[in-house]
Amino acid sequence: MHDTAGRPKNVLEVNDLAIRFGRTEIFSRLSFTVPEGAALAIIGPNGSGKTVLLRALIGAIPFEGTLHWAPDVRLGYVPQKLDIARDVPITGFDFLRARAALSRTSNAAAFEMLTAVGLPVEAGAQPIGALSGGQFQRLLVAFALVGGPNVLLLDEPTAGVDEPGQERLNELIHRLQQDRGLTVFLISHDLSVVYRHATTVLCLGRERHWCGPPKDILTPDRLHEIYGAPIAFHVHEP
Amino acid sequence: MSPETVALAVAMAVAAGLVGCFAVMRRMALSADALSHVALPGIGVALALHVHPLAGAVAMLFFGALLVWALEDRARLATETIIGVVFSAALAVGSMITSGEDLIEALVGGGGALSRLEVAFGLIAATAVVSFILKEKHALVVALVSPDIARTAGVDLRRLNLLYLLMFALTIALGLRYLGVLLMGSLIIIPAATAKHLSNNLNQMLTVAVVIAVATTVVGSGLALWLHRATGPVIVALAAGCFLLAFLHRP
């Protein structure tokens, strides 16, 4: 969808956002917009509020300032590592079936997502507590894809996933963004993935925030300033 | 036992088995038990005012559910402490204002002929609880794994939690006649805990919990009648026996 001037419309507009826990300010004066179909990477040192920002975007945390989603967004969310009770008899199928019912999608379509994220179908029959960390992470990505979301919010979706699995998930996310025009929000510490796939990088620093194309943000000097230490990362050119 | 008594007992047990599964998975076994105690002062006040004891119990249970709901968003430790204190106090106050036969009956269940009104209330309440769990099963599962994911899937968590707690309170009210305020929490928790141990998926767990709750309630009520004992202790002893067997069967 485009506005009258032919520019893609904004999926999200954030203005002067501030979040405090008690007296601790996590961040403030954060403003940015995200056009439809963008791949926004959120980077920054530990404790800079990346996860908090994502949770505020889904309405889980109170905030000051304004935050506007386009009216037709359907969110898919992959949280950072979840602590789930290991002994709960809920299987991957139960979990996907539940999501399918909530979004009025067929079970078959939901189960197909297992294949999309590279999980064997048998893994769906296992209690989720019996899955390995990487398998569970893939299940969460599969879950986020059920119901045809047009916006994906991913908080380190490949944490704990093996190397080929990471590659596969990153490619899948990239493909969804490119081919189906999904808008992607991605928190990642993997700067080479950010460099390759992001259209915009939002960097939460301790003192200030930066937002721009990867080429402008991911420069050695800027990264040094953001992380307080020299950062070298390897860019795999295609 | 009259057919109404049996029908009501079965309906109550089905509701307890279903509600219990989510209570166990949400790790609210302790608050569940404490919540049932809050019915006692309600029963005491109702008896003193010559109102049906069930009305007093339901009013207090709903109040307890609202209290848990309001506290849920706060720090976990504080909630458990407050629930422990408030609900034990309710038990103490309730014991003071209820006396003799009435107290024993309120504590461990049993006695009295069923009024038409009670049967109607029981069947309607049980139907409400069972339909709620079956309808909201999916939302409850997603919220259990991750409240944040549930939120993005369009689940209204505050509403879901409130309704769940009210259904929980209603289930306790249903079982007061059979198990009393001390033991009703156990009929919600023990069959579900046993089922959790024996099951590999959600539907299995729900089914096994219902079967155990119904079987122990029916067999326990019959056995209590035959042994001239209060129903509650016999039912819970049977349920606990199932739990132990399940543990020995599959460690």
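The values are calculated or read from the model by the stated rules, or taken from the named source; none is laboratory data. Note that this is a predicted model, so its numbers are computed, not measured. For neighbour counting, all protein chains shown are included, and Cβ atoms are generated from backbone atoms with ideal geometry for every residue, glycine included. Heavy atoms of the whole protein, side chains included, go into the accessibility calculation; ligands, DNA and RNA do not. Shrake-Rupley method; radii C 1.70, N 1.55, O 1.52, S 1.80 Å.
Name the residues whose placed amide hydrogens come within less than 5 Å of the amide hydrogen of A:Phe27, ignoring near sequence neighbours (fewer than 5 apart) on the same chain.
Those qualifying (amide H under 5 Å, at least 5 residues apart or on another chain) are A:Ile19.
Within 10 Å of each Cβ in A:96-106, how many Cβ atoms from other chains are there, averaged over the peptide? Present the calculation step by step, with values, prior to reporting the outcome.
On the way: counts 0, 6, 13, 7, 1, 7, 8, 2, 0, 0, 0.
That works out to 4 on average.
Just the number: Rg to Rh for the stretch A:1-91, Cα atoms, Kirkwood Rh, two decimals.
Rg divided by Rh gives 1.05.
For the stretch B:3-249, what is the relative contact order in percent, using Cα pairs closer than 8 Å and at least 6 residues apart in sequence? Kindly include the intermediate steps, with their values, before the conclusion.
On the way: 365 pairs, mean separation 81.5, N = 247.
Value for the stretch B:3-249: 33 percent.
Using a 1.4 angstrom probe on the protein heavy atoms only, could you order A:Lys9, B:Lys135 from most to least accessible area?
Values: A:Lys9 45, B:Lys135 145 Å².
Ranked from most to least accessible, the order is B:Lys135, A:Lys9.
Keeping all protein chains in the complex and leaving out DNA, RNA and ligands, what accessible area do you get for A:Glu122 with a 1.4 Å probe, in Å² to the nearest 10?
The value for A:Glu122 is about 130 Å².
Determine, at each q value in 0.07, 0.14, 0.16 (inverse angstroms), the log₁₀ of I(q)/I(0) that the Debye formula gives when each Cα of chain B is one equal point scatterer.
-0.22, -0.90, -1.18
Direction-averaged shadow area of the convex hull around the Cα atoms of the stretch A:72-146, nm²? Kindly include the intermediate steps, with their values, before the conclusion.
Values: hull surface 19.7 nm².
Spelled out: convex hull of the Cα atoms, projected over all directions, averaged, 4.9 nm².
Rounded to the nearest 500, what is the 222 nm mean residue ellipticity of chain A from helices alone, with -39500 (n - 2.57) per DSSP H run of 4+ residues and division by all residues?
On the way: 8 runs with 79 residues, N = 238.
Value at 222 nm, helices only, nearest 500: -9500 deg cm²/dmol.
Check A:Ile84: other-chain or 5+ apart residues with amide H under 5 Å from its amide H, H built from backbone geometry?
When sequence neighbours closer than 5 places are left aside, there are no close amide H contacts.
Carbon-plus-sulfur fraction of the accessible area of the protein assembly as shown, 1.4 Å probe, in percent? Could the numbers behind the result be given before it?
Numbers: 13260 of 22110 Å².
On the protein assembly as shown, the fraction of accessible area on carbon and sulfur atoms equals 60 percent.
Sorted by accessible area (1.4 Å probe), largest first, how do A:Arg55, B:Arg158, A:Arg86, A:Arg138 line up? Each step should come with its number before you reach the end.
Values: A:Arg55 75, B:Arg158 110, A:Arg86 150, A:Arg138 30 Å².
The most accessible residue leads, giving A:Arg86, B:Arg158, A:Arg55, A:Arg138.
Quote the Stokes-Einstein diffusion coefficient, in whole µm² s⁻¹, for the protein assembly as shown, based on the Kirkwood radius over alpha carbon pairs, a temperature of 25 °C and a viscosity of 0.890 mPa s.
Working: Rh = 25.0 Å.
Answer from the Stokes-Einstein relation: 98 µm²/s.
Per residue of B:136-142, count partner chain C-beta atoms within 10 Å of its C-beta, then hand back the mean as an integer.
Numbers: counts 0, 4, 8, 3, 1, 9, 8.
Across the residues of B:136-142, the mean count of other-chain Cβ atoms within 10 Å is 5.
Could you give the accessible area per residue of the protein assembly as shown, probe 1.4 Å, as a whole number in Å²? Walk me through the numbers on the way to the answer.
Working: 22110 Å² over 489 residues.
Per-residue accessible area for the protein assembly as shown comes out at 45 Å².
Got a number for the accessible area of A:Ile128? Probe 1.4 Å, square angstrom, nearest 10.
Accessible area of A:Ile128: about 10 Å².
Report relative contact order for the stretch A:115-238 in percent, whole number only (criteria: Cα-Cα under 8 Å, sequence separation at least 6).
Working: 127 pairs, mean separation 22.1, N = 124.
Computed over the stretch A:115-238, the figure is 18 percent.
Debye sum, Cα scatterers, chain A, no solvent: what log₁₀ I/I(0) at q = 0.08, 0.13, 0.15 1/Å?
Log-scaled intensity ratios, in q order: -0.31, -0.84, -1.10.
Using a 10 Å cut-off on Cβ atoms, rank the peptides B:199-209, B:34-44, B:162-172 from the highest mean neighbour count down.
Values: B:199-209: 20.3, B:34-44: 27.3, B:162-172: 23.6.
Highest-to-lowest ranking by the protection proxy: B:34-44, B:162-172, B:199-209.
For Cα pairs less than 8 Å apart in space and 6+ apart in sequence, what is the mean separation divided by the residue count of chain A, i.e. the relative contact order in percent? If you can, show how the numbers build up before the last one.
On the way: 424 pairs, mean separation 55.5, N = 238.
It comes to 23 percent, rounded to a whole number.
Each residue of the stretch A:122-129 in order: what ³J(HN,Hα) in whole Hz does its phi give by Karplus 6.51 cos²θ - 1.76 cosθ + 1.60, θ = phi - 60°, with x for Gly and Pro?
Ordered by residue, 3J(HN,Hα) equals 4, 4, x, 7, 7, x, 4, x Hz.
List, in order, the whole-Hz ³J(HN,Hα) value for each residue of the stretch A:24-37 obtained from phi through the Karplus relation with A = 6.51, B = -1.76, C = 1.60 and θ = phi - 60°; use x for Gly and Pro.
Along the stretch A:24-37, the couplings run 7, 8, 7, 7, 8, 6, 9, 10, 6, 10, 10, x, 4, x Hz.
Toward the positive end of the charge dipole of the protein assembly as shown, about the Cα centre and with charges on Cβ (Lys, Arg +1; Asp, Glu -1), which of A:Phe32, B:Leu61, B:Ile235 goes farthest?
In the protein assembly as shown, that residue is B:Ile235.
Please give the solvent-accessible surface of A:Ser28 in Å², to the nearest 10, using a probe radius of 1.4 Å with every protein chain present.
20
Number of Lys pairs in the protein assembly as shown with C-alpha atoms less than 22 angstrom apart, excluding same-chain neighbours closer than eight positions?
Values: A:Lys50/A:Lys81; A:Lys50/A:Lys215; B:Lys135/B:Lys196; B:Lys137/B:Lys196.
Summing the qualifying lysine pairs gives 4.
Simple spin-label model, 7 Å along Cα-to-Cβ: B:Thr81 to B:Leu66 in nm?
Output for this residue pair reads 2.5 nm.
Can you give the FRET efficiency for B:Trp226 and B:His249, using 1/(1 + (r/R0)^6), R0 = 35 Å, r = Cβ-Cβ distance, to the nearest 0.05? Spell out each step's value before the answer.
Numbers: r = 28 Å, r/R0 = 0.79.
Using R0 = 35 Å, I get an efficiency of 0.80.
Of A:Leu152, A:Leu186, which has the most accessible area with a 1.4 Å probe, and how do the rest follow in descending order?
A:Leu186, A:Leu152
Based on DSSP H runs of at least 4 residues, each adding -39500 (n - 2.57), what is the mean residue ellipticity at 222 nm of chain B after dividing by all its residues, to the nearest 500 deg cm²/dmol?
-29500 deg cm²/dmol
Helix A:92-102 against the longest principal axis of chain A: what's the angle in degrees, Cα atoms only, rounded to the nearest 10?
70
How many percent of the alpha carbon pairs in the stretch B:9-103 exceed a separation of 24 Å?
Details: 1206 of 4465 pairs.
Counting every Cα pair in the stretch B:9-103, those more than 24 Å apart make up 27 percent.
Can you compute 3J(HN,Hα) from phi for each residue in the stretch A:43-54, using the Karplus curve 6.51 cos²θ - 1.76 cosθ + 1.60 with θ = phi - 60°, rounded to whole Hz and x for Gly and Pro?
10, x, x, 4, x, 7, x, 5, 5, 4, 4, 4
Nearest 10 degrees is fine. How inclined is helix A:107-116 to the longest principal axis of chain A, computing both from alpha carbons?
60
Please report the buried accessible area for the interface of A with B, total over both chains, probe 1.4 Å, in Å² to the nearest 100. Intermediate results must be reported in sequence, preceding the final value.
Numbers: alone 12190 and 11950 Å², together 22110 Å².
Rounded to the nearest hundred, the buried surface is 2000 Å².
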